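As C-alpha cells, the structure follows; a few thoughts come after it.
The values are calculated or read from the model by the stated rules, or taken from the named source; none is laboratory data. Since this is a predicted model, take the numbers as computed values, not measurements. Cβ placement follows ideal geometry from the backbone for every residue including glycine, while neighbour counts extend to all protein chains displayed. Protein only, heavy atoms only, side chains kept; ligands, DNA and RNA dropped before computing areas. Shrake-Rupley method; radii C 1.70, N 1.55, O 1.52, S 1.80 Å.
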Amino acid sequence: NWVPVINPSRLQKFWVFVKENFIVSTASYLFTLPVILSLTSSTNLFSIPLNIFLAGIIPYLTLFAFVGLIPFIGEFLLVFVYIFEGFMVNFISDIALIDSGNITLFRFSTPLEYIFYYCFLIFIYNVVFNSKKWPQKRPV
C-alpha cells in the first residue's frame with residue numbers, strides 16, 4: 001500500500017510561507033484601512049485570506065510579465081499573464097460581491113482620527129511584539 005509521506009521540512013517551509021504572508025497581508029490591510037474607510041466606509045473580511053492566497057501567485061506573474069517584454073519569445077508569456085490576470089480580477093470581484101463578508105464601519109474624516117488610529121496600531125504592536133520587555137520593571 002502506498003502511503004503519502006509528508007516531508008517535515010517542506011511542511012515547515014509551507015507554514016513559514018503562510019505565516020509570513022499572513023503577517024504582511026494583515027499589516028497592509030490594517031495600515032490601508034483608514035484610506036479604504038474614508039473612501040467607502042465599508043470593507044470586506046475576505047480580503048486578508050484572499051491576499052494570502054494571491055501573494056504566492058503575484059511574484060510569478062510579475063516575473064512572467066517582465067520576461068514577456070522580450071520580443072517574439074515573451075509574447076506567449078504575456079498572453080498567459082493577461083489571461084490569468086483576467087481570471088484573478090474576476091475571482092476577486094466575485095469574492096467582493098459576497099454580502100456576508102462586507103461590513104460597514106465609520107468613515108475616517110478628520111486628521112485626528114488618522115493620528116489616533118495609527119497611534120493605537122503602534123501601541124498594539126508594542127504590546128504584542130515587545131510584551132516581554134514592556135512595561136519595564138525598575139531595578140530595586
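Quick rundown of the values:
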quantity	calculated
The range 33-45, subset surrounded by 15 or more Cβ atoms within 10 Å (Cβ to Cβ) and touching a helix residue (DSSP H, G or I) at 6+ places or on another chain (Cβ under 6 Å), residue nearest to R107 (Cα to Cα)	P34
Selected residue [modelled with pLDDT of 80 or more, polar (S, T, N, Q) and over 24 Å from V18 (Cβ atoms)] from S47, S38	S38
The range 70-96 residues that are over 18 Å from P49 (Cα atoms), paired with ones that are aromatic (F, W, Y) (beta carbon under 6 Å, 6 or more apart)	L77/F64; V81/F64
Total residues in the range 85-104, condition open to solvent by 70 Å² or more (accessible area, probe 1.4 Å), not charged (D, E, K, R) and not in a strand (DSSP E or B)	6
Unique residue being touching a helix residue (DSSP H, G or I) at 6+ places or on another chain (Cβ under 9 Å), outside any loop (DSSP other than H, G, I, E, B), open to solvent by less than 90 Å² (accessible area, probe 1.4 Å) and over 25 Å from S28 (Cα atoms) when the list is L77, L54	L77
Considering residues of the range 1-32 that are touching a residue at least 24 places away in the same chain (Cβ under 8 Å) and not aromatic (F, W, Y) only, the residue most open to solvent (accessible area, probe 1.4 Å)	V24
Complete set of residues in the range 34-52 that are in contact with a Ser or Thr (Cβ under 9 Å, 6 or more places away or on another chain) and touching a residue at least 60 places away in the same chain (Cβ under 8 Å)	L37, S38, S41, S42, T43
Residue within the range 5-18 that is in a helix (DSSP H, G or I), under 30 Å from I122 (Cα atoms) and charged (D, E, K, R) present	yes
